[in-house]
Amino acid sequence: MFEIFTDLASWLVYDLLGLTADTKLGDALHFFVEDVTKIFVLLLGMIYLIALLRASLNVEKVRDFLAGKNKGLGYFLASGFGAITPFCSCSSIPVFLGFTSAGIPVGITMAFLLTSPLINEVAVLLLLSLLGWKFTLLYILVGISVGILGGLFLDTIRAERWLQSFAAKALEKGQAQQVQSLDESVPSMSYKERHQFAKSETLEIFSRVWKWVIIGVGLGAALHGFVPDGWIEQHLGAGQWWSVPAAVLVGIPLYSNATGVIPVMESLIVNGLPIGTALAFCMSTVAASFPEFVLLKQVMQWRLLAILFAMLLLSFTLVGWIFNSVSFLM
């Protein structure tokens, strides 16, 4: 699906600039170009399409299904949708903004945001061949559970209070439009009016976040591939209790997607790192990376960002301890 961005980055970095993939600069620049172009396209396309749908359809029934008496099912559906979409943490931000603009409750949106980077079909297949079906099933259940419980908790504490002002206004506007859509006397918009509405909203949001996409992915690219080979196995491979939270903290400055991190996990396990420690490190790299939080800061206030950060660190640490314990028993 995203091969076109890989090909574009390869042409620009390797063919046009003459760099090679086996150099740190070439690898980092390729990483940067691929992810920035992918995120920009997702950001523009997703927000435009969702805004166009909002202007075209009566989405009140959808909102009621997700936020009303079936809200519990809404968390599950959002988390499940996150599990089957092949987005990394930064690529999930456009979908987060689109859901917010559509008036979907923050907790349900966060259930998607938490799950999407952790699980996708390629990662599941690779884990199945690497660890077997029992560990793979446990991984899927844990990832979906993190999304559901995290979304439920954030709705309980009314996390929408701590969105940045433009995101909060977009949420209010989306919810107000849903309520207004119940009034049959509201005239339908022409296609030109719907297009102008979607275009205006897309440009407004994109103008606020584009530079942070470049900064966030740039930080990830600068760190990409610069951890010395064997360092993690050497320092975190003894299996002590503290090695799991330490692996989580080490993974935060790095950045990868769920598919790209699987070969890293395989290498770590083959070289003697306990399964739970390797999994905690890789989950941290995928879903709690520093570049992601640079982007999230543009849509969340510090308080909400700190709560999300603490939730992820705790979740990954518990997952690592659980998997290490299970692996010792099997």
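Every number here is computed from the coordinates shown, using simple stated rules; none is lab data. Computed from a predicted structure; not experimentally measured. Backbone-built Cβ (ideal geometry, glycine too); neighbour counts: all protein chains shown.
Can you give the FRET efficiency for Thr156 and Lys199, using 1/(1 + (r/R0)^6), R0 = 35 Å, r = Cβ-Cβ distance, to the nearest 0.05?
It comes out at approximately 0.45.
Packing-wise, with mean Cβ within 10 Å as the measure, how do 158-164, 104-110, 31-37, 6-12 rank, highest first? Intermediate values should be presented prior to the final figure.
On the way: 158-164: 16.9, 104-110: 25.9, 31-37: 21.4, 6-12: 14.6.
Per-residue mean Cβ counts within 10 Å order the peptides as 104-110, 31-37, 158-164, 6-12.
Which far-off residues, 5 or more places away or on another chain, put their amide H under 5 Å from the one on Leu254, with H placed in the peptide plane?
For Leu254, the qualifying residues are Phe290.
Quote to one decimal, in nm, the extra length available between Asp22 and Ser145 on full extension: 0.36 nm per residue of separation minus the C-alpha distance between them.
Answer, rounded to one decimal: 40.4 nm.
Taking the Cα-to-Cβ direction at Asp15 and at Trp302 and moving 7 Å from each Cα, how far apart do the two end points lie in nm?
If labels sit at Asp15 and Trp302, their model points lie 4.7 nm apart.
Fully extended, how many nm does the chain gain between Ile84 and Ala310 (0.36 nm per residue separation, minus their Cα-Cα distance)?
Length difference between fully extended and current span is 78.9 nm.
Quick one: Asp27, Asp15, Asp155, fewest Cβ neighbours within 10 Å first, how do they rank?
In increasing order of surrounding Cβ atoms, one gets Asp15, Asp27, Asp155.
Give a residue-ordered list of calculated ³J(HN,Hα) values for region 298-315 (Karplus: 6.51 cos²θ - 1.76 cosθ + 1.60, θ = phi - 60°; whole Hz; x for Gly, Pro).
Using θ = phi - 60°, the values come out as 6, 10, 10, 6, 4, 5, 5, 4, 5, 5, 4, 4, 5, 4, 5, 4, 5, 4 Hz.
Could you give me the ³J(HN,Hα) list for region 23-33, computed from phi with Karplus coefficients 6.51, -1.76, 1.60 and θ = phi - 60°, whole Hz, x at Gly and Pro?
Per residue, the Karplus-derived 3J(HN,Hα) values read 9, 5, 5, x, 5, 5, 5, 4, 4, 5, 4 Hz.
As a quick test, which of the pairs Lys71/Lys192; Lys169/Lys297; Lys24/Lys134; Lys71/Lys173 have an alpha carbon distance above 27 angstrom in this structure?
From the list (Lys71/Lys192; Lys169/Lys297; Lys24/Lys134; Lys71/Lys173), the Cα-Cα distance tops 27 Å for Lys71/Lys192; Lys24/Lys134.
Please list, ordered by chain and number, the residues whose modelled amide H lies under 5 Å from the amide H of Leu163; skip anything fewer than 5 residues away on the same chain.
Residues meeting the criterion, in which the H sits 1.01 Å from N, are Gln301.
Could you check the spin-label model distance between Trp321 and Val41? Points 7 Å from the Cα along Cα→Cβ, value in nm.
4.3
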